[in-house]
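Each remark here refers to the structure printed beneath this line.
The values are calculated or read from the model by the stated rules, or taken from the named source; none is laboratory data. This structure is a prediction, so every number in the text was calculated from the model and none was measured. When we count neighbours, we look across all protein chains shown, and the Cβ atoms used for this are built from the backbone with ideal geometry, even at glycine.
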Amino acid sequence: MIEPAIEVSDVSLEYRLSRSNIGTIKEYAIAAMKRQVKYESLWALDGITFEVQQGEVFGIVGPNGAGKSTLMKIMARVLPPTSGRVIVRGRVAPMIELGAGFNSELTGFENIVMYGTLLGRTPERMRDRAAEIAEWADLTDFINVPLRSYSSGMLARLAFSVATDIEPDILIVDEVLSVGDAAFQIRSQERMAKLIEGGASVVIVSHVLETIKDLGDRAMWLDHGRMVMIGDPHEVVAAYEKTVGETKP
């Protein structure tokens with residue numbers, strides 16, 4: 001029996017939001033010692049359970065604040081859940097908040113090494129791969145230029161090139177296909193399609209619902225941290241669109 005690529009079992013995540021009017025770290029430390037800090041619980045996820053099979057493309061839809069990005073970060077091992085269990089089998093390529101680990105004062109080459117290391121690869125591998133990564137991103141002439149000189153499109157190309165410079169078992173994609181200019185979106189979609197054809201399992205979040213219907217084998221609808229529906233992507237998207245239409249003024 002083939003084990004699922006991802007198993008999410010009764011996963012919940014709580015954020016504790018401070019409601020105290022505290023302006024500095026010193027004031028916070030003093031208030032915490034005196035137990036004067038007041039918190040409010042926000043459950044970003046509440047009892048989520050599902051599986052992603054080997055080679056499956058699994059889409060997630062839902063409104064802003066539904067918990068989609070939080071769930072992606074848990075599967076990417078960026079956040080630990082408050083309760084429940086997540087099992088991820090295989091090498092993961094997380095494409096979440098691309099370029100979040102970049103340093104504008106470092107060069108393109110230095111950021112390739114640093115960002116790749118943050119994604120779990122060795123510095124030696126990233127140094128060896130830097131030239132090809134920059135070439136794919138059309139940034140060969142800028143590899144030794146500080147990132148503060150890059151445009152937003154150049155940053156997006158570099159981050160995507162680093163993130164996809166492996167043959168992963170699992171892709172975790174959060175709205176990546178909607179960044180960059182039209183030419184970059186076509187190239188990124190082509191690379192994504194190649195990785196999918198290679199047998200990678202994919203979890204994708206997108207507000208472009210046609211993407212979920214076109215790529216997905218199954219889909220899940222999240223709302224306020226809870227699973228509303230899971231199943232055929234066309235049926236899930238249709239049900240979600242109907243609800244969105246009914247709530248519009």
Tabulated pairs, the range 104-115, first assigned by TED's automatic domain parsing to the domain that holds Leu155, second assigned to a strand (DSSP E or B) and acidic (Asp, Glu), C-beta under 9 angstrom, 6+ apart or interchain: none
Among (1) without any contact (Cβ under 8 Å) to a residue 24 or more places away in the chain; (2) closer than 28 Å to Leu209 by Cα - the single one Arg157 does not satisfy: (1)
Single residue of Ile133, Ile172 found to be assigned by TED's automatic domain parsing to the domain that holds Lys194 and either part of a loop (DSSP other than H, G, I, E, B) or closer than 20 Å to Ala193 by Cβ (or both): Ile172
Every residue from the range 120-150 that is more than 25 Å from Ala183 (Cβ to Cβ) and surrounded by fewer than 19 Cβ atoms within 10 Å (Cβ to Cβ): Gly120, Arg121, Thr122, Pro123, Glu124, Arg125, Arg127, Asp128
Test: residue in the range 48-61 that is modelled with pLDDT of 75 or more, in contact with a Pro (Cβ under 8 Å, 6 or more places away or on another chain) and either of a type in the set (A, V, I, L, M, F, W, C) or over 22 Å from Val236 (Cα atoms) (or both): yes
Single residue of Gly101, Gly108 found to be in contact with a Phe, Trp or Tyr (Cβ under 6 Å, 6 or more places away or on another chain), over 30 Å from Arg218 (Cβ atoms) and at pLDDT 85 or above: Gly108
Test set (1) assigned to a loop (DSSP other than H, G, I, E, B); (2) at pLDDT 90 or above; (3) not small (Gly, Ala, Ser) - Arg35 fails condition number: (2)
Among residues of the range 52-86, those that are within 17 Å of the chain's Cα centre (by Cα) and in a strand (DSSP E or B), counted: 7
Residue that is over 17 Å from Ala5 (Cα atoms), surrounded by 14 or more Cβ atoms within 10 Å (Cβ to Cβ) and either hydrophobic (A, V, I, L, M, F, W, C) or touching a Leu at 6+ places or on another chain (Cβ under 9 Å) (or both), where the choices are Ile74, Ile112, Ile60, Ile48: Ile112
